[in-house]
Amino acid sequence: MSIGNSPEDERPFEDERVEEDREEARPSIGRALQQARIAAGLTVDDISSATRVRMNIVHAIEADDFTACGGDVYARGHIRTLAKAVHLDPAPLLAQYGDEHGGRPAPTPAAPLFEAERIRPERRGPNWTAAMVAAIVAVIGFVGFTMFQGGDDSANETNVAEGSTPGGSASPSTKTKKPTDPEPEPSDSAIAAAPQDKVTVQVAAVDGRSWIAVKDHNGRMVFDGVLKQGDTKTFQDSSKVHLVLGDAGAIDLFVNGKKIKDDFQPGAVERLTYTKGDPEAG
C-alpha cells in the first residue's frame, strides 16, 4: 500500500491552475476599453467629446485607476458610458469590476461628477406671477380702448340723427384698412437654393438627441454641442465640411439639397467629410 496523494487529490490543484490561467488571459477593464477605442479609430479626445467624460478620467480608467471617478457608483457609470461609446457590452466589464472591487457599490451622495448624465438641461416652471401681471395690464388696456371707441361712436350717431356734421362739412367717409400683402411663405428647405460654389450640410435630429461637432476646411471648430430631437442646424463652407456624430442613428443629413442615404446604427459614432458637388462621404 503506497502513501501519497491519489490522482483524485490532485484535481483541485489543476482546476485552480486552469482558473488562474483564465484570469490572466482576460484583459483588465481599462485595457479592454482602450483596445476597443483604438479598434474603432477614436482618440481619447473623441471619446471625451462624445460622452462628456473628462479626458483625465478617460486616461485614468484606461490605466485601471478608478479613484478619479469619485466612488463606485460613478465608476460604474463611466464604465457603462465608455463601453457603449466603443461598441462594447458593458455587462461583462461591470461584473468584472464587481469581482475586483467588492460587488455592489455602496450608496454615494449625488454629485456632479458623472457628466455624461448632465446633458439634458433642467426645465423651469412657468412664471405665473409675470403672466398674471401681463394679463391684468392687457385687460385694463382693452377696457380703456373700448370706452374711448364707444364715446366716439356715440358722438357720430348723434350727428347723423340730427342731419348735420361737425363744422358743416360733408359726412366723413368710412375708412377702410388696406389689406396687407401676405408675407411670402418660407421655402420648404433652407438648403434648397444652396450655392453651387459651396458645400452646404444640414443636420436634423429626427429620432432623438445627438452630440455633433462641425469643422470647416481649415479644421476650425464651427459647432460643438447637442441637438435635441427636432432641432436642425445648417452649415456652409467654401470647399469642405467635417462632421463627428455622437449618435448617427438619430440624425438625417442633407448635403447640397440632397438627403444622404445611410445605414447608421443607433448609438454609432460616425466621422464624415463632405465637399462640393454630389453628396459623397470623404
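The values are calculated or read from the model by the stated rules, or taken from the named source; none is laboratory data. What you are looking at is a predicted structure, and each value in this text was computed from that prediction instead of being measured. Methodologically, a virtual Cβ is constructed for each residue, glycine included, from the backbone with ideal geometry; neighbour enumeration extends over all protein chains shown. The accessibility values were calculated without ligands, DNA or RNA, using every heavy atom of the protein model including side chains. Shrake-Rupley method; radii C 1.70, N 1.55, O 1.52, S 1.80 Å.
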- log₁₀ I(q)/I(0) of segment 27-101 at q = 0.12, 0.14, 0.18 Å⁻¹, via Debye over equal Cα point scatterers, no solvent, to two decimals? -0.25, -0.35, -0.60
- Message: Just to confirm my numbers, what's the Cα centroid distance between segment 226-241 and segment 20-85 in Å?
- Response: 30 Å
- Task: Could you sort out which of LYS84/LYS261; LYS198/LYS240; LYS215/LYS276; LYS198/LYS258; LYS198/LYS228 sit more than 20 Å apart by Cα distance in this structure?
- Result: LYS84/LYS261; LYS198/LYS228
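Using 0.36 nm per residue, how much length does the chain from ASN218 to LYS258 gain when fully extended, once their Cα-Cα distance is taken away? Intermediate values should be presented prior to the final figure.
Values: separation 40, 0.36 × 40 = 14.40 nm, distance 2.43 nm.
That pair, ASN218 and LYS258, stretches by 12.0 nm at full extension.
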- Task: Taking 7 Å along the Cα-to-C-beta vector as the label spot, tell me the LYS198-ALA131 distance in nanometres, rounded to one decimal.
- Result: 4.0 nm
- Show me 53-64, 37-48 ranked by packing, highest mean number of other Cβ atoms within 10 Å first. 53-64, 37-48
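For segment 27-101, report the accessible area per residue in Å² (1.4 Å probe, heavy atoms, rounded to an integer).
Working: 3260 Å² over 75 residues.
It amounts to 43 Å² per residue over segment 27-101.
Placing +1 at every Lys and Arg Cβ and -1 at every Asp and Glu Cβ, with all other atoms neutral, what dipole size does segment 209-259 have around its Cα centre, in debye to the nearest 20? Mind dumping the intermediate values first?
Values: 8 positive and 6 negative charges, 17 e Å.
Value, rounded to 20: 80 debye.
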- Query: Carbon and sulfur: what percent of segment 199-275's accessible surface (1.4 Å probe)?
  - Reply: 43 percent
- Message: As I understand it, the dipole of segment 199-275 uses +1 on the Cβ of Lys and Arg and -1 on the Cβ of Asp and Glu, about the Cα centre. Which of ALA250, PRO266, ASN218 lies farthest toward its positive end?
- Response: ASN218
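Just by accessible area at a 1.4 angstrom probe, what is the order of MET221, MET147 from largest to smallest? Each step should come with its number before you reach the end.
Values: MET221 85, MET147 140 Å².
Highest to lowest solvent-accessible surface, that is MET147, MET221.
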- Task: Output the Kirkwood hydrodynamic radius of segment 199-275, Cα pairs only, in Å rounded to one decimal.
- Result: 12.2 Å
